[in-house]
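Below is one structure; the comments refer to it alone.
The values are calculated or read from the model by the stated rules, or taken from the named source; none is laboratory data. These numbers come from a predicted model, not from an experiment. Virtual Cβ from ideal backbone geometry, glycine too; neighbours counted across all protein chains shown. Remember, those area values only see protein heavy atoms, side chains included, never the ligands or the DNA or RNA. Shrake-Rupley method; radii C 1.70, N 1.55, O 1.52, S 1.80 Å.
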Amino acid sequence: KPFKEEKRPPAFLSKEEVALVLNYLKKTDKDFHDLVLFTLETGARRIEVLRFRWEHIDWKNKKITLYGKGDKIRKVPLSSRLEELLKNRGVKLYGKVFPYEHHDTISHKWQKVMKKLGLNYRFHDLRHTTASWLILNGVSLKAVQDLLGHSDIRVTQIYAHLNDEYLREAVERTFEIAGNFQA
């Protein structure tokens, strides 16, 4: 089956836009704030968020199991921020972590937030944001592939242009002193 290429690079939120969204949600909708932060830190798809349950958290090994697309299972690290966020929600032995029943509910809530803040992103763009920020921080494409659960590295390579820019900036910073030498 041929690989379907994206027509344009994936959209992702800047750090300022994420801060705007999270600050707004912290004041207006704590549950949705937590869900957005969870999605950003894990790169979760809507279906993975909806299926996420307390019993999917391995507190001891600091891992989360996500059940998603095509009943695929992936494990992601439990960061200290996410651990604190989840504990503040009131840890339970079992049951859903987030109170949403349908993926359209999440999308509609997200679109209302976008409209209110004057932004134009899809909820899935949070997943793109996760991948983009990882790449911009020098994380390898292979590591991003593993974290996001991409079965094919070609899917992850849509973020490669970000890595190119990161590498170009790294070379500029590293060797800028060489331009100051006189022969």
Notebook entry, point to check: Is it the case that the stretch 149-168 has a residue that's open to solvent by less than 30 Å² (accessible area, probe 1.4 Å), within 27 Å of Phe52 (Cα to Cα) and modelled with pLDDT of 85 or more?
Noted result: no
Item checked: Any chance Glu48 is part of a helix (DSSP H, G or I), of a type in the set (D, E, K, R), in contact with a strand residue (DSSP E or B) (Cβ under 7 Å, 6 or more places away or on another chain) and open to solvent by less than 90 Å² (accessible area, probe 1.4 Å) -> yes
Next item on the list: Inspect all residues belonging to the stretch 14-25 and state whether any of them is among the basic types (Lys, Arg), under 14 Å from the mean Cα position of the chain (by Cα) and at pLDDT below 95.
Entry: yes
Notebook entry, point to check: Identify, please: which residue in the stretch 122-147 is within 16 Å of Ala11 (Cα to Cα) and among the basic types (Lys, Arg) and is, among those, surrounded by the most Cβ atoms within 10 Å (Cβ to Cβ)?
Noted result: Arg127
Note to self: Among the residues of the stretch 37-56, are any closer than 19 Å to Val144 by Cα and in contact with a Pro (Cβ under 7 Å, 6 or more places away or on another chain)?
What the structure shows: no
Notebook entry, point to check: Do we have any residue at all in the stretch 26-33 that's touching a Lys or Arg at 6+ places or on another chain (Cβ under 6 Å), closer than 15 Å to Lys109 by Cα and part of a helix (DSSP H, G or I)?
Noted result: yes
Note to self: Being assigned to a loop (DSSP other than H, G, I, E, B), open to solvent by 40 Å² or more (accessible area, probe 1.4 Å) and free of Cβ contacts under 8 Å to residues at least 12 places away in the same chain is the filter here; which residues of the stretch 87-121 pass it?
What the structure shows: Gly118, Asn120
Next item on the list: Could you please find all residues in the stretch 52-86 being aromatic (Phe, Trp, Tyr) and either out of contact with any helix residue (DSSP H, G or I) (no Cβ under 9 Å at 6 or more places or on another chain) or not in a helix (DSSP H, G or I) (or both)?
Entry: Phe52, Trp59, Tyr67
Notebook entry, point to check: Residue check, Leu40 against (1) open to solvent by 40 Å² or more (accessible area, probe 1.4 Å); (2) touching a helix residue (DSSP H, G or I) at 6+ places or on another chain (Cβ under 6 Å), all met but one. Which one?
Noted result: (1)
Notebook entry, point to check: Before we move on, is Lys62 closer than 20 Å to Asp125 by Cβ, over 14 Å from the mean Cα position of the chain (by Cα) and either open to solvent by 30 Å² or more (accessible area, probe 1.4 Å) or modelled with pLDDT under 95 (or both)?
Noted result: no
Checklist line | Verdict on Ala11 being closer than 19 Å to Arg81 by Cα, assigned to a loop (DSSP other than H, G, I, E, B) and touching a residue at least 40 places away in the same chain (Cβ under 8 Å) | finding: no
Notebook entry, point to check: Would you say Phe12 is open to solvent by 50 Å² or more (accessible area, probe 1.4 Å) and hydrophobic (A, V, I, L, M, F, W, C)?
Noted result: yes
Margin query: If I filter the stretch 22-35 for residues that are open to solvent by 80 Å² or more (accessible area, probe 1.4 Å), on the phi > 0 side of the Ramachandran plot and charged (D, E, K, R), do I get at least one hit?
Written below: no
